[in-house]
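The values are calculated or read from the model by the stated rules, or taken from the named source; none is laboratory data. Keep in mind that this is a model prediction, so the values were computed, not measured. No Cβ is skipped: glycine too gets one built from the backbone with ideal geometry, and neighbour counts run over all protein chains shown.
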Amino acid sequence: MASASRKFINNDLGLVVTFCLAALLMTFLSYGLPRFLPGDFVTATYGASQVTLTAEQESALRAYYGQGRGFGHYLSRVARFDWGYSYVFETPVSALFFSALPWTILLMGSAHVISMAIGFVAGVEAAWRRNSPFEKAMVGGMTVLEGIPEICTGVILLFVFALQLQWFPAAGAETAYAEKDFLAHVADVGHHLALPLCTLILAYFPGNFLLTRNSMIMVIMADYIKTARAKGLPALRIRYVHAARNALLPVVTRFGMRLAFMITGALVVEKINAYPGVGTLLYNAIAARDLPVIQAVVLMSSLIILTIFFALEFVYRFIDPRIHHAR
Amino acid sequence: MHVNVHGTLRRDPWFLSGMTLSLFFLIVTLLGPLLVPFSPWNMDFIPLSPPTLTHLLGVNDGGQDIFSELVYAIRNTMIFGMISASAALFMGVLLGALAGWFGGVVDLILMRLADVLLATPAIMILILVAALFRPSPYILALILSGLMWPTIGKTIRAQTLSLKQSLHVRAARQMGGGSGYIIIRHLIPEMFPLYLIGFAAKARMAMFMEASLAFLGLMDPSRKSLGMMISYALKYYYMDIWWHWLFPPIVCLSLLIMMVTFLAISLEKVVDPRLRVNLHGRTS
C-alpha cells in the first residue's frame, strides 16, 4: 500500500493535482478571509460621512470595488486580471502590480542566478579541497553568514555603503525624471540595484554553498568517482562533469524549502532599500490598509511561487533521470 | 538509531557556541522582567536622548527606554519561536508517525495534505491573516506551525517506514502490542535526534518570520519586537542613533538566528550519515 501511494505521489497527475489544490487553497483563502471582516470598504467610508447613499449608489459602489458575489465570480475576475481598485491610489490593482513586478523579477532573478552560480562553484571547489584551510575558513564563514538574516545585512550595507561611503543610492530603482540614453540608463539601474542585490546574494549564497559542499562530499566518496580517477581523467572533468551533476540534486530539491525564507527576505530587503517592487507595494498597502492590493498581491505572488515550484519539479526530473525511470 | 550523539556534539564548536547563545537568551527570556530598569511602555523620558548610565542604550522617539525594549523584544521573539516550533514538532511527529504506521488511505491523505502545504507559501498566508485580523502573536505562531509541520512529518514518516520493519518492532507486534502502544513506546522515543533538528530548524524559521512580520508592521504595535524596533529606528536614520538604537536589535536578531542555525547545522551533521542511508530520495 505504501508503494502504491508513493507511486501515486511521484505521478505526474499527482503533481498536477497537488499544485492545483495548493493554488485553489490560496485563491479560496484570499477570497474567503476578507469575508469574515465586519463591514466593508463602502460602509467604512460612507457610514460616518454626511453623504447618504441610495441603495443603487451603494450597490454601484460595491460593484466598483468588487465586493459581494460568489467564489466563481471571484475566480473569473482573478483570471481576467480584474482585481478591483486600490482604495488609496484609486487605480486598478493590476496596473500597480504589473508596474512593480518587473523590478522584483529583476532583483530576485539576478540574485538567484548569481548566488546559485557562485555558491555552486565555491561549494564544489571547497568539497574538492576538503580539510584544507581554505575549505575550513569558507565553511566557518558561511555558517556564520547563514545566521544573519536579510534585515540585518540589509541595514548594515545601507549604513556603510549608502550613508557613510555614499557609493550607492539609498532608495529607488532609477534616477527619477532623468533623460538618458540607453547605456547610461542601464548603468543607472545597475547602480540602484547593487545594494539590494548584494544583500540578497549575501543571504542566499551561504545556503547554496553549504548544500553543494555537503552533497558534493557525499558524491566524491562514491565508487564511480574512484573509477573516473583510476581512468586518469583530468580533475576538472571529474569535478564538474561526473561529480557536480549529482551534487546539484539536493540544491534543487532544497530550493523549494528555502524559498519560504527567500520570499520573506526579499520583501524585507525591498522595504529597506525602498526598491519599487512587489514587496514595497505590499508594505505600503499594509501600512495604508489597502485591502484589494494586499489581497491581489498575496494571491498573485503565491500563484507565481507555485508556478516556480511546479517548474522546479520538472527541472528535478530532468537532472535526475532516476526519478523518471523508477516508475 | 543509536549513535554516539553526545560524544560527537560535545566536541563540535558550532554546537557549543549555539548552546552558549541559547543559554544566554534563555536567561534573558526567563528573567527579562527582572533585568530591566524601566517598564518598556513607560514614556516619561526625554525622547531621542543618547545613552547615559540610567538609560544604557538611550531613549527612543516615544520616550521609552531602549534597553528595556530590547530585553522584552528578545523575550517575545524567543517565545514566538518556541511556541511555533513546539507545535510544529508535535504535529509533524504525530501525523508523520500515523501516516507511516497505518499507511494506506491515512498515509495518502496526510501526505497529499503535506504536499499541498509545502507548496503554499506560508508567509503569504501569514501576511493575509495578520493584515486582515490583527490576531494575537500566539495565533500567528500556531498558524505558522500548521503550515510548517510537513517537513518534519515527512522525515518522521520515512523513518517510521524503516523502523516498522525492524526486529524489535515486529517482535512487539507479534506479542500483541497495539498501534498506540508501539507508536508511543517504540517509534516516538527511537527517533529522538530527529526532533532536535526539526525543532531547531522550525524555531529558526519562526523567529525569522516573526522578525520580518514585525518589520513589515504586521504585529501589534504595542508588543515589543526586534523587527519593529529596527523598522522604527530606520525612520530616524539621518540622526545619530545608529550605534545605540539600530545596531543593538540587529545584533540581537542576528545572534538569535545564528543560535538556531548553529544548533540545526551541528545536529544535522551528527545525524546525517545515517539519515542519508535511511531516507534516500526526496524528503523535503
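Of the residues that make up region B:43-59, is at least one assigned to a helix (DSSP H, G or I) and without any contact (Cβ under 8 Å) to a residue 40 or more places away in the chain?
Restricting attention to region B:43-59, the residues satisfying the condition of being assigned to a helix (DSSP H, G or I) are none.
Checking region B:43-59: not a single residue is assigned to a helix (DSSP H, G or I) and without any contact (Cβ under 8 Å) to a residue 40 or more places away in the chain.
For B:MET207, the conditions (1) closer than 25 Å to B:TYR72 by Cβ; (2) without any contact (Cβ under 8 Å) to a residue 60 or more places away in the chain are fulfilled apart from (2). Scanning for something at pLDDT below 85, closer than 30 Å to A:THR280 by Cβ, more than 9 Å from chain A (Cβ to nearest Cβ) and surrounded by fewer than 24 Cβ atoms within 10 Å (Cβ to Cβ), does region B:242-257 turn up at least one residue? Yes, region B:242-257 contains at least one residue that is at pLDDT below 85, closer than 30 Å to A:THR280 by Cβ, more than 9 Å from chain A (Cβ to nearest Cβ) and surrounded by fewer than 24 Cβ atoms within 10 Å (Cβ to Cβ). Can you tell me which residue within region A:29-39, out of those that are out of contact with any helix residue (DSSP H, G or I) (no Cβ under 7 Å at 6 or more places or on another chain) and within 12 Å of chain B (Cβ to nearest Cβ), is modelled with the highest pLDDT? Among those residues, the one meeting the criterion is A:GLY32. Here B:PRO135 fulfils each of the conditions (1) outside any helix (DSSP H, G or I); (2) at pLDDT 90 or above apart from (2).
Being at pLDDT 85 or above, out of contact with any Leu (no Cβ under 7 Å at 6 or more places or on another chain), buried (at least 18 other Cβ atoms within 10 Å of the Cβ) and polar (S, T, N, Q), is that true of even one residue in region B:218-227? Scanning region B:218-227 turns up at least one residue that is at pLDDT 85 or above, out of contact with any Leu (no Cβ under 7 Å at 6 or more places or on another chain), buried (at least 18 other Cβ atoms within 10 Å of the Cβ) and polar (S, T, N, Q).
From the list B:SER17, B:SER49, which one is modelled with pLDDT under 85 and among the hydroxyl-bearing types (Ser, Thr, Tyr)? Quick ask: steps written out before the conclusion?
Working: B:SER17 fails: modelled with pLDDT under 85.
B:SER49 is the lone residue from the list that is modelled with pLDDT under 85 and among the hydroxyl-bearing types (Ser, Thr, Tyr).
For region A:101-149, a residue qualifies if it is in a loop (DSSP other than H, G, I, E, B), over 18 Å from the mean Cα position of the chain (by Cα) and crowded, with 16+ Cβ neighbours inside 10 Å, and the qualifying residues are A:GLY147, A:ILE148.
For the criterion of being part of a helix (DSSP H, G or I) and under 30 Å from B:PRO135 (Cα atoms), B:ARG170 fails. For region A:227-245, the criterion of being aromatic (Phe, Trp, Tyr) and within 14 Å of chain B (Cβ to nearest Cβ) is met by no residue.
Go over the candidates A:ALA79, A:ALA23, A:ALA44, A:ALA2 one by one and state the one that is at pLDDT below 75, closer than 27 Å to B:LEU126 by Cβ and not charged (D, E, K, R). Outline the logic, then answer.
Working: A:ALA79 fails: at pLDDT below 75; A:ALA23 fails: at pLDDT below 75; A:ALA2 fails: closer than 27 Å to B:LEU126 by Cβ.
None of the others qualify; the one that does is A:ALA44.
Listed by position, the helices (runs of 4 or more DSSP H) inside region A:269-327 whose residues that are buried (at least 20 other Cβ atoms within 10 Å of the Cβ) and in contact with a Leu (Cβ under 6 Å, 6 or more places away or on another chain) number at least 1 are A:278-287, A:291-319. Residues in region B:201-227 that are of a type in the set (Gly, Ala, Ser) and either within 7 Å of chain A (Cβ to nearest Cβ) or assigned to a helix (DSSP H, G or I) (or both): B:ALA201, B:ALA203, B:ALA206, B:ALA211, B:SER212, B:ALA214, B:GLY217, B:GLY227.
Taken over region A:154-167, residues that are surrounded by 18 or more Cβ atoms within 10 Å (Cβ to Cβ) and more than 9 Å from chain B (Cβ to nearest Cβ) amount to 3.
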